[in-house]
Each structure stands twice: as structure tokens, then as C-alpha cells.
Amino acid sequence: MSQDKKYIKFFVIGILFILTYFPTLIWMWERWMAKDSYYGHGILVPFISGYIVWQIIKKRREEIKKSAKKCEFKPVKAGLFFIIIGLFIHIISAWMRVYFSSGFSMLITIIGLTLYLGGKQALKTFAFPIAFIIFMLPLPLVAVANISFKMKIFAAEMAKILINSIGIPAIRSGSEIIMRHSNLMVGDPCSGLRSLISLLALGSLFSYYANVSYIRKTILFAASIPLALASNIARISFLCFMSEIYGPKSAEGLVHDAAGMMVFVLAFLGMVVVGKILE
């Protein structure tokens, strides 16, 4: 097949894929753009995945050409099985309007298309950018509410222990931290779930590009979880300190927003340190 026909084939498949999953993509867009969204980063994910694919092709162009000549990128008909399964889940999900499972089926369909068009070698070569797509799939709202509730209770308890340890008496009532002169309510947006999801995506990129063994890559990725939790606890503790020492107003507005950025800065620096240690 000539290069022009290949490009036309990929273009047509891409258009059909977008049209098939258009309602799901609209749902994703609405979740990404929603106020206080936990998936504001979702819009970046397909572009990052596409960039990584482009990097792989550019870096390994000659190797890919040799593999193609050796028929290592031979299409595998078993890919049709994944495509059928993915589309079946999508159709049932669209009918029931359960868009999370429809989004998940998108990943299965992409795996099937990669196998069917390029074979096992293509799937192996592009495994990471395909897997990275999972970070743009919003969790169901019920799951978000349950996880967020547990995380904000945990963060509030840890922050209470921390500020008690530096001499500021405090008790916790639900997700509220009660001090002598002020109270601080840990709301859903401050639960740390948003930063955890974002930092998991960042951690996967860190581990992918880290020049270490697969075991150390896994350790680096896993480190993003405690780093995200610890950074959010530090943020809440800082806001408690500001509220108690300088008054409740001091923990609002610009200080509150700056403390939110601090979560990512601390976690990012922590990942850099962990990466350097593992190297």
C-alpha cells in the first residue's frame, strides 16, 4: 500500500472514531471545563499522547522502517476482537448514558485499532502514549464524591496532628479543623483529589522519561501518591497556621490560591528529588 493510501486510511479511521465517540467526547469536554473540575488537565492529555507518539516516530524512524520491512508491524486480526468489544461496550454505555464506561471503551478500541493496523510490535512501541489516555477519562461523579470525602477527612486529620505538633491546639470535627481563634473547613476542592489525579499523570511522564530500570520507574510513579497527599496536608496546615495567627481573612483569596499552587510545586520538587535518588 502506498504512503498516500495509508494516510488516507488513517485519516478516514480517525474521522470515524471521532464521529462514533462524539457524544462521549462532548461529555468529557463538559467535565473538563466544569467549575472546580478535577480533570482540568484532561484537555492536554490527547495532545501530550500525540506528542509522545511523534517523538517515538521521530527518534526511532529508522528502527520502525526496518521493523516494517521485516513485517514486524504486521497487522493482527485479533485486533478486531478488541475493536468489537470496545464498540459493544460503547453502544451499551451510550444507550444507558453511562459515559465513563464509554470513555473506557475508547481505550479498548484504540488498542484494537493499533493491533489491527500495526500488530503487536506497534502496540508495544506505542504502549505508553496509549495508556496515558486513561488520565483524560473522568471518574463517575459518585466515585469522585466518595473518594473526595475520604481524602478530605484524612487530610484534615493529618493537618490537625501536624499543627498540634507545632504548638497550635486544634481538634477536628468532620472535615472542619477547630482552633482557639479560628476554624478552617476542608471542602471537596481542597481534598487533594484534583492534585492527586494531576500528579499521577505527571508522575507517569516522569517515570516514562526517567533513565532508570522498569522497577525504579514503577517506584517513581508510585511516589507521586504520597507526595501529592503530603503536599496537600502541608497546604492545609499552612492555611490553618495563617488563619490562627493572622486571622481567618489571611487564609483567603490570594494566599489560598497561592497555597494551592504550592501543592504542585512541592510535589514536583519531591518527584525531581526522588528521580535523582533513583538515578
> Which pairs have Cβ atoms under 8 Å, sit 6 or more apart or on different chains, and link a residue in the stretch 193-204 that is farther than 13 Å from residue 271 by Cβ and open to solvent by 10 Å² or more (accessible area, probe 1.4 Å) to one that is among the aliphatic types (A, V, I, L, M) and not in a helix (DSSP H, G or I)?
Replying inline: none
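Yes/no matrix, rows are residues, columns are (1) of a type in the set (A, V, I, L, M); (2) modelled with pLDDT of 90 or more; (3) under 22 Å from the mean Cα position of the chain (by Cα):
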residue: 109; (1), (2), (3): no, yes, yes
residue: 113; (1), (2), (3): yes, yes, no
residue: 120; (1), (2), (3): no, no, no
residue: 131; (1), (2), (3): yes, yes, yes
residue: 154; (1), (2), (3): no, yes, yes
>> Being surrounded by 11 or more Cβ atoms within 10 Å (Cβ to Cβ), β-branched (Val, Ile, Thr) and at pLDDT 90 or above is true for just one of 15, 8, 48. Which residue is that?
In response: 48
> Under the condition of being more than 12 Å from residue 202 (Cα to Cα) and assigned to a helix (DSSP H, G or I), which residue from the stretch 213-226 is least open to solvent (accessible area, probe 1.4 Å)?
Replying inline: 217
> Does residue 179 satisfy the criteria of being open to solvent by 50 Å² or more (accessible area, probe 1.4 Å), modelled with pLDDT of 85 or more, farther than 26 Å from residue 29 by Cα and in contact with an Asp or Glu (Cβ under 6 Å, 6 or more places away or on another chain)?
Replying inline: no
>> Where the second residue is open to solvent by 40 Å² or more (accessible area, probe 1.4 Å) and assigned to a helix (DSSP H, G or I) and the first is closer than 15 Å to residue 221 by Cβ and lies in the stretch 123-136, which pairs have Cβ atoms under 6 Å and are six or more apart or on separate chains?
In response: 128/208
> Which residue out of 162, 107, 139 is assigned to a helix (DSSP H, G or I), within 30 Å of residue 81 (Cα to Cα) and of a type outside the set (D, E, K, R)?
Replying inline: 107
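The values are calculated or read from the model by the stated rules, or taken from the named source; none is laboratory data. Predicted, not measured: the structure shown is a model, and the values here were computed from it. For neighbour counting, all protein chains shown are included, and Cβ atoms are generated from backbone atoms with ideal geometry for every residue, glycine included. We work out accessible area using only protein heavy atoms, side chains counted, and drop any ligands, DNA or RNA first. Shrake-Rupley method; radii C 1.70, N 1.55, O 1.52, S 1.80 Å.
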